[in-house]
Amino acid sequence: MGMTMTQKILAAAAGLAEVKAGQLIEADLDLVLGNDITSPVAIHEMDKFTTDGVFHKDKIALVMDHFAPNKDIKSAQHCKCVREFACKHGITNYFDVGEMGIEHALLPEQGLTVAGDVIIGADSHTCTYGALGAFSTGVGSTDMAAGMATGKAWFKVPSAIKFHIVGKPSKWVSGKDVILHIIGMIGVDGALYRSLEFVGEGICNLSMDDRFTIANMAIEAGAKNGIFPVDELAEKYMKEHSKRSYKIYAADEDAEYDEEYTIDLAALKPTVSFPHLPENTRTIDEVGDVKIDQVVIGSCTNGRLDDLRTAAEVLKGKKVAKGIRCIVIPATQRIYLEAMDEGLLKIFIEAGAIVSTPTCGPCLGGYMGILAEGERCVSTTNRNFVGRMGHVESEVYLASPAVAAASAITGKISAPEE
């Protein structure tokens, strides 16, 4: 029996001719990632190890993005801990205020992730890099510590679910709608410890930003990772952003999949995930009259340039409804600059929105947009659990940048104008 794309990457990293689903392997790592919340835990774990130092100063990335610029004394202490660790060990890829961005948008932009890589990160949305044909997955801080020390990690080889992507999406349908549709279809545990592997002629109709969004939210279906084949668009992206060589893997024709589905992009509608699980989805025509208090456009899921362009297209010449707080967060400094050069920030500000420095901020209930009791937010982030963005009696509705921007104008969950 042949291997899936993910299985081939893991076999190569483990130095094995083949692997099978369920097999335990030890694989070499190309990158270990941590942020200002998870890295301090890993650093303190490393203090217990007998090894001295890190396995490779160029293959560790530490990104201060969750509570940076520091929101309080505790977050300042966390960043100080990581900053001192990075300095002590000469970590090449340390990103702090002025250079940082939201980690899962920043690392591909910086060329640190390419096809064929094996990447772990102490953040669940590390699966984002599957958009480039890499195996990437989230781990705990202890595994991050072991990875930084040894350059290796243990994995159970996942089985896979195949999604055949066909058709072309309509105007306001994006990668966010694709992955929300999939999560609504299979559930938040529908792919538990399995790979989501995407194939099909319809992939050519998905931008790289669409693919990053889809791979990013694979974890919201319980998946170990999500992964796309490496086509001309992915290769173009890597050549523009990275000087590293990459290796393309493709699934064998006789690879075994637990399940197979077909997703017709042409049949999809803008989709909204209602509280308090990403699987609780409704198409925009099923939403009803849901009044809101806040809109957040940003995050590692939807803070990229295409996302900001879409939001600006909807908001241009319009005004955010009275009483609605609209917060726009470019995912990296480069995206911020590009949005400024294109005049997108001007559109947001003239519409009555605010623009934040790159940060995870409100996505995890950190800062820059915490919800009070009873408040509702339409957000382009990736989770809408109880209390995710603030008070336990607040509500988060997940949506695309197009729907989020349209909702800011009307003050209720709305579709963009045709």
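The values are calculated or read from the model by the stated rules, or taken from the named source; none is laboratory data. Since the structure is predicted, the reported quantities are computational estimates derived from the model, not experimental observations. Using ideal geometry, Cβ is built from the backbone for each residue, glycine included, and neighbour counts are taken over all protein chains shown. Just the protein is used for accessible areas: all its heavy atoms, side chains included, with ligands, DNA and RNA removed. Shrake-Rupley method; radii C 1.70, N 1.55, O 1.52, S 1.80 Å.
Things to note:
- Candidates G121, G288, G111: whichever shows maximal mean-square fluctuation once the chain is modelled as a Gaussian network with Cα springs under 10 Å: G288
- In sequence order, calculated HN-Hα J values of the stretch 271-285 (Karplus, 6.51, -1.76, 1.60; Hz; x Gly/Pro): 10, 10, 9, 7, x, 10, 9, x, 6, 7, 9, 9, 6, 4, 7
- Simple point charges give the picture: +1 on the Cβ of Lys and Arg, -1 on the Cβ of Asp and Glu, and for the chain a dipole about the Cα centre of about 920 debye.
- Within the same chain, aspartates and glutamates fewer than 8 places from K318 are excluded, and of the rest, those with a Cα less than 12 Å from its Cα are E350, E417.
- For the stretch 66-126, the Cβ-based charge dipole about the Cα centre amounts to some 280 debye (Lys, Arg positive; Asp, Glu negative; other atoms uncharged).
- The helix-based estimate of mean residue ellipticity at 222 nm for the chain, built from -39,500 (n - 2.57) per DSSP H run of four or more residues and divided by its residue count, is -8500 deg cm²/dmol to the nearest 500.
- Within straight-line cross-link reach of K156, lysines at Cα separation under 26 Å, skipping those fewer than 8 residues along the same chain: K8, K20, K48, K59, K224, K247
- Per-residue Karplus couplings for the stretch 331-342, computed as 6.51 cos²θ - 1.76 cosθ + 1.60 with θ equal to phi - 60°, are listed in order as 6, 9, 4, 5, 5, 4, 5, 5, 5, 5, 4, 7 Hz, Gly and Pro entered as x.
- 5 angstrom amide H check on T332, placed H, neighbours 5+ away: I102
- The phi-based Karplus calculation (6.51 cos²θ - 1.76 cosθ + 1.60; θ = phi - 60°) puts the 3J(HN,Hα) values of the stretch 99-111 at 10, 6, x, 5, 3, 7, 8, 5, 5, x, 4, 7, x Hz, whole numbers, x for Gly and Pro.
- A Gaussian network model of the chain, with springs between Cα atoms under 10 Å, assigns the largest mean-square fluctuation among V320, V295, V378 to V320.
- Carbon-plus-sulfur accessible fraction, the chain (probe radius 1.4 Å, protein heavy atoms only): 51%.
- Separation between Cα centres of the stretch 177-222 and the stretch 33-81, rounded to whole Å: 30
- Anchor K57: aspartates and glutamates whose Cα lies under 16 Å away (excluding residues fewer than 8 positions away in-chain): D28, D30, E84
- The stretch 209-358: C-alpha gyration tensor shape, a/c 1.5 cut-off, then a/b vs b/c: oblate
- Sites S245 and H44, calculated FRET efficiency, Cβ-Cβ separation with R0 41 Å, nearest 0.05: 0.70
- Farthest positive-ward along the chain dipole, Cα basis, beta-carbon charges - from I25, F212, I413: I413
- Among T213, T357, T92, the largest mean-square fluctuation in a Gaussian network model of the chain (Cα springs under 10 Å) belongs to T92.
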